[in-house]
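First comes the structure, then the notes that go with it.
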Amino acid sequence: MSLPSSLLGPVRRLTTAARHGWGPTRLADHAIRRHQAVQRLPELAGLVSMVAALKPNVVVEVGTRHGGTFSCWPTVAADGALLVSMDLPAGSFGGGSGDPVLARLAEFLRPGQRLETLRQDSHLPASREWLVGVLAGRPIDFLFLDGDHSLAGIRQDFETYGPLVRKGGLVAFHDILPDPGNAHIQVPEFWAELRGRYDAREFIDPPGRTSGGMGIGVVRV
Ligand SMILES: C[S@@+](CC[C@H](N)C(=O)[O-])C[C@H]1O[C@@H](n2cnc3c(N)ncnc32)[C@H](O)[C@@H]1O
């Protein structure tokens, strides 16, 4: 017997909370329903709980769009954390964020935390130089890559920004599952290469699914 559709959302939130905790589930739920994150609730809640355990001092997100996933990070980051958002206005894979989004990102921060934003192609050498300047010698604790989803694009983001992540820090990738309907999303090919080389974890809903798109992969570098 299947559940009435009105109960599907609450049941999904309950089962996600049982698995990943209420805090991460609430953050992920708000990110999706209020801030337009294109994510699956259990997958994002799993990532949020892993980042919360890390309590990062420095978070860098490449690909922020409307600020959905970014809305999760200040709550689980350390007091005084630096939060960085890089996005390309009118970029591919969702279309980037303009001024109203920048104002919203600032509202997610807790007192004492700092926001830095760059609206520019992450692949430009100037973008890396800007980030290195902003970091001022601090390593990244958590890097979320959700910008250019082409094979060359995700590879370049990982090779450019991955070395700035501290040993034991996390790099997360969205869209690790193949989706025949979205062949332009090539993160799955890169993830297949990468996951064997690192301590890797996957958040996939429902567990065991191997196609159909989305899914989050995390490596500890
Ligand atoms: C899938 S959306 C990000 C969604 C967001 N993380 C969320 O779930 O709430 C991808 C974003 O990456 C941006 N983007 C695409 N290519 C980029 C690039 N080369 N540099 C920076 N941002 C890029 C797009 O403009 C878009 O805003």
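Build a GNM of the chain with springs between Cα atoms under 10 Å apart, and of P188, P100, P42 the one that fluctuates most is P100. For the chain, a Gaussian network of Cα nodes joined below 10 Å ranks V187, V48, V101 by mean-square fluctuation, and the top entry is V101.
Dipole of region 5-220 computed with +1 at Lys/Arg Cβ and -1 at Asp/Glu Cβ about the Cα centre; of L177, V60, T15, farthest Cα towards the positive end is T15.
Note on the chain: semi-axes of the ellipsoid equivalent to its C-alpha gyration tensor, largest first and rounded to whole Å, are 26, 20, 17. Taking every DSSP helix (H) stretch of at least 4 residues in the chain, weighting each as -39,500 (n - 2.57) and dividing the sum by the residue count yields a mean residue ellipticity at 222 nm of -11500 deg cm²/dmol.
FYI, it's all coordinate maths here, none of it is from the lab. Everything numeric here is computed off the predicted structure, so don't read it as measured data. Ideal geometry is used to build each Cβ from the backbone, glycine not excepted, and the neighbour counts take in all protein chains shown.
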